[in-house]
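For reference, the structure discussed in these notes is given below.
The values are calculated or read from the model by the stated rules, or taken from the named source; none is laboratory data. If you're wondering where the values come from, they're calculated on a predicted model, not measured in any experiment. No Cβ is skipped: glycine too gets one built from the backbone with ideal geometry, and neighbour counts run over all protein chains shown. Just the protein is used for accessible areas: all its heavy atoms, side chains included, with ligands, DNA and RNA removed. Shrake-Rupley method; radii C 1.70, N 1.55, O 1.52, S 1.80 Å.
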Amino acid sequence: NPDRMVIRRNRMSYNEDFAAVRAFRPCPADADVYYFEMKIARLGASNEFCTCSIGVTSGPIFSLHNPVGWDEGTFGYHGDDGCAYEQIGRKGRGVQFGPITKEGDVVGCGLNFIEKTIFFTHNGRMLGHAFHMIPEAPIFPTFSVKNEGETIAVNLGCFPFRFDI
């Protein structure tokens, strides 16, 4: 379906890095609020916990081998520990922010351009504003997975959101 994006980790790389995907088009800079979601469709081969991440990247450079929030100009929510991450110095810094995610959960990320904040949601419930700044445009929706077989379905606005935006 051209209106739906599914991301699945097919196999592990030699060093077992994350696999990150960034949207081709940036978030519209003239929006008051921009929001998107991911549904954890399937846990990976370990079937124990979800390593999926959702967030945003800015600028031309970020690693496709790190979860969103570990590199400069990236901000993300990680399903394996429920932490919100932003790049500070040479390593991402995480702060406990919400629940650990599991198969079937829907996690959302929003940018409030009026208040200059980034917020996250879980299963239709607002978790709060994790970051009180928005990186310089362009800003791209970004997702990452690690476990082999882990699958997420991304909704960039083509379908109704779980969260009542």
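Remarks
- Any hit, the range 100-113, residues being part of a loop (DSSP other than H, G, I, E, B), touching a strand residue (DSSP E or B) at 6+ places or on another chain (Cβ under 9 Å), modelled with pLDDT of 90 or more and more than 19 Å from C50 (Cα to Cα): yes
- Unmet requirement for V95, which otherwise passes all of (1) open to solvent by 60 Å² or more (accessible area, probe 1.4 Å); (2) among the aliphatic types (A, V, I, L, M); (3) under 23 Å from R25 (Cα atoms); (4) part of a strand (DSSP E or B): (3)
- Filtered by the rule that a residue be touching a residue at least 60 places away in the same chain (Cβ under 8 Å) and either surrounded by fewer than 22 Cβ atoms within 10 Å (Cβ to Cβ) or of a type in the set (V, I, T) (or both), the range 112-139 gives N112, F113, I114, I118, T121, P135, E136, A137, P138, I139.
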